[in-house]
1. Taking segment 1-29 only, how many residues are within 24 Å of residue 54 (Cβ to Cβ) and of a type in the set (A, V, I, L, M, F, W, C)?
2. Taking the condition of being within 13 Å of residue 201 (Cα to Cα), surrounded by fewer than 21 Cβ atoms within 10 Å (Cβ to Cβ) and hydrophobic (A, V, I, L, M, F, W, C), how many residues in segment 161-174 meet it?
3. Right, residue 204: touching a strand residue (DSSP E or B) at 6+ places or on another chain (Cβ under 6 Å), closer than 24 Å to residue 36 by Cβ and not acidic (Asp, Glu) or not?
4. Residues of segment 60-76 being over 16 Å from the mean Cα position of the chain (by Cα) and in contact (Cβ under 8 Å) with a residue 24 or more places away in the chain, which ones?
5. May I ask you to list the residues in segment 130-160 that are surrounded by 18 or more Cβ atoms within 10 Å (Cβ to Cβ) and among the β-branched types (Val, Ile, Thr)?
6. Assuming residue 187 fulfils every condition listed in (1) surrounded by 16 or more Cβ atoms within 10 Å (Cβ to Cβ); (2) β-branched (Val, Ile, Thr); (3) farther than 23 Å from residue 94 by Cβ apart from one, which condition is it?
7. Is there any pair with a first residue in segment 157-173 that is of a type in the set (Phe, Trp, Tyr) and a second that is outside any helix (DSSP H, G or I) whose Cβ atoms are under 6 Å apart and which are 6 or more apart or on different chains, and what are they?
8. Looking at segment 89-133, which of its residues are polar (S, T, N, Q) and on the phi < 0 side of the Ramachandran plot?
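The values are calculated or read from the model by the stated rules, or taken from the named source; none is laboratory data. The shown structure was predicted, so the numbers you read here are calculated from the model rather than taken from an experiment. Heads up, the Cβs are rebuilt from the backbone with ideal geometry, glycines too, and the neighbour counts pull from every protein chain shown.
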Amino acid sequence: MKSIFPERIICLTEETTETIYLLGEQKRIIGISGFTVRPSKAKKEKKKICTFIDANIDEIISLNPDLVIGFSDIQADIAQKLIKRGVTVWINNYRDINGIFKMIGQVGMLVNQIEKSNNLIKEINTKLEVIKKKVKNFKIKPKIYFEEWYDPIITNIQWVSEIIELCGGENIFPASKKESLAKDRVIKNSEIIVEKNPDIILVSW
């Protein structure tokens, strides 16, 4: 019987590429995001077919994927174009750390590595617990500004805020973590950032 698991996967974002590599199933990946950093060898081994908001639809079709994996409302247009061309697309929409764990578990099911994905989740969770204990008695909580995108200025998603707090920091835009969509986390006036006077600035673009 032919395998029921996808064998020609395109990952539109880095996290699923990294997860599939960690599960030892990188042979299934045929295309990745040009923004992929981890693992470093992925960029050498796999074809780069997209950025975060743009993708070469014709090139993706030509690679004959049996699954394309993306993330969030920002990639909705890419997903729609591919679906209209008959491609199977899975858009993950996790917003918090628990959602990331669910994504890892779901990817594990997709590539037939449930046990490995469960072990990976446990390993990451153990590391998070160690960090929690280390920062528990920190006397100083640095004020953190996290910028997800620069034009327009978009501040952090919920899981970023959770990590900031888990590591002993204070998110200067705590209310933003309640907003699921990127458009609802736009900072319209950059002067607000200056006024909040963050101790540490992190950017992900």
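1. Residues that pass the stated criteria total 6.
2. 1
3. yes
4. Once the filter is applied, which keeps residues that are over 16 Å from the mean Cα position of the chain (by Cα) and in contact (Cβ under 8 Å) with a residue 24 or more places away in the chain, segment 60-76 yields 60, 61, 63, 64, 65, 66, 67.
5. The answer is 144, 154, 155, 157, 160.
6. (3)
7. 159/96; 173/155
8. Result: 92, 93, 98, 106, 113, 117, 118, 119, 125, 126.
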